[in-house]
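First up is the structure itself, then whatever we jot down about it.
Any read-out appearing in this document is the output of simple, stated calculations on the displayed coordinates, not a laboratory observation. Note that the structure is predicted; figures quoted are calculated from it, not measured.
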Amino acid sequence: MNIYEKLRRSQHKNNNEMEKEMTITELVKKINKEIDGKKLDRNVINRIEAGQEPTLTQLVAYSKVFNVSTDYILNNVSPKSDTETIKSIADYLGLSDATIEEIAELKPDYKMILDKMVSRYCLLLVLSEIRNLLGYNYLQPHLTLKFDEKRKWLDGAEIDQFLNDAVNDKAVSVFFNEAVNKRIEQVVKNTMEDKELQEYFGELDKNSKLQGILRAEHLPKLGDFESKGSDDNETA
């Protein structure tokens, strides 16, 4: 039994439905839905399942019907597990498995927010600012040491003192820190003001318990606090 017959006979998940022992007739109908041009008949399917090599078009149609890759069919290997998929994505992006897993496990609502922050509001631009700050924080003490050594042994030139003062100027450090903070603040501000997100979450929370709790009639009145304060004074 080759892979084509195995796919038809085995229980295989396809678009959240279970296909079990699909008949040749059923397979022909599904395959032909995926093929443009000349359609197949059951004789062609029988020949493929008997060992005849399918055309590229037929191969792609099989992969679509059974929701597997062409590589899976050709190599007759099991589909990747979640762990293998995460590792593949991590390797491709140059990120850690843990990072990809954290993103994958986010709630759909959070993924929507993250997607907006990255794709529309340029969250990742903050990385260049952080990179500059990291470099400065690391180099600053080493540069100071080199300037001090040069002045001690070689009576450094005026330019050395100027550079030393510049490196140790707190304004430089403040500049890098503020650049990072401003970038993050701007991204958050833009995300919070996003009309699509506001509308989506507003509709989602319209009938939530939170709205019921925050109705005006449930909130304490200012007079209640003033009355309580007077009672406390009288008691004292």
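Using a cut-off of 31 Å between Cα atoms, the listed pairs LYS116/LYS206; LYS64/LYS206; LYS64/LYS87; LYS29/LYS107; LYS111/LYS170; LYS107/LYS182 include LYS64/LYS206; LYS29/LYS107; LYS111/LYS170 as exceeding that distance.
Karplus-derived 3J(HN,Hα) values for region 121-131, using 6.51 cos²θ - 1.76 cosθ + 1.60 with θ = phi - 60°, are 10, 6, 4, 5, 5, 5, 4, 5, 5, 5, 4 Hz; glycine and proline are entered as x. The 3J(HN,Hα) values that the Karplus relation (6.51, -1.76, 1.60; θ = phi - 60°) gives for region 95-110 are, in residue order, 10, 6, 4, 4, 5, 4, 5, 4, 5, 4, 8, 4, 5, x, 4, 5 Hz. Gly and Pro appear as x.
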